[in-house]
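Chemist: Below you will find the structure I want to go over with you.
The values are calculated or read from the model by the stated rules, or taken from the named source; none is laboratory data. Keep in mind it's a predicted model, so treat the numbers as computed, not measured. When we count neighbours, we look across all protein chains shown, and the Cβ atoms used for this are built from the backbone with ideal geometry, even at glycine. Ligands, DNA and RNA are stripped out before the accessible areas are found, and what is left, the full protein with its side chains, is counted by its heavy atoms. Shrake-Rupley method; radii C 1.70, N 1.55, O 1.52, S 1.80 Å.
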Amino acid sequence: MLLKLASTRLTAAADAEDAVQETFLRLVSCRPSFRDAEHEKAWLIRTTLHRASDIRRQAGRAALPIEEAALENEAAPQTESDLLSAVRALPENYSAVIHLHYYEGYSIKEIAKLLRLPAATVGTRLSRGRDRLRQMLKEEA
């Protein structure tokens, strides 16, 4: 689940794997205390999302030579669905809630608890994210 979640923010599979690996490294090195399994799961999800965002920002700052960028795009798997690609193209705040809701099956209240956001904010992001997805997919068609 964490790998799929990181993949919604990162296009390269290796970057998503790094985000998850660093999340578990942080779990082992910091040894945070959790109230229960749900608290631990929420911590893992939040930490993975934050680390994926950090990696995405860092990647944006580092410019690849054009030859390497072309090779990287050729090596990218072509099996991704158009919908998943569109979800990845959304702003981070929308892609996270859409992934958690539709791909992982969490309710709005559960997502709000996981991300420490008001349920109304999660609902708004979900609605706006769906609207943007519709618009993106219409433009592609």
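Chemist: Can you check what the net charge comes to around GLU22, using other residues whose Cβ is under 15 Å from the Cβ of GLU22 (Lys, Arg +1; Asp, Glu -1)? Don't skip to the end; give the middle numbers.
Modeler: Values: positive: ARG9, ARG26, ARG46, ARG51, ARG56, ARG57; negative: ASP15, GLU17, ASP18, ASP54.
Residues near GLU22 contribute +2 overall.
Chemist: Less than 28 Å apart at the alpha-carbon level, and either on another chain or at least 8 residues along: which lysines does that give for LYS109?
Modeler: Correct list for LYS109: LYS4, LYS41.
Chemist: Please list ASP82, ASP54 from largest to smallest accessible area, probe radius 1.4 Å, with all protein chains kept in place.
Modeler: ASP82, ASP54
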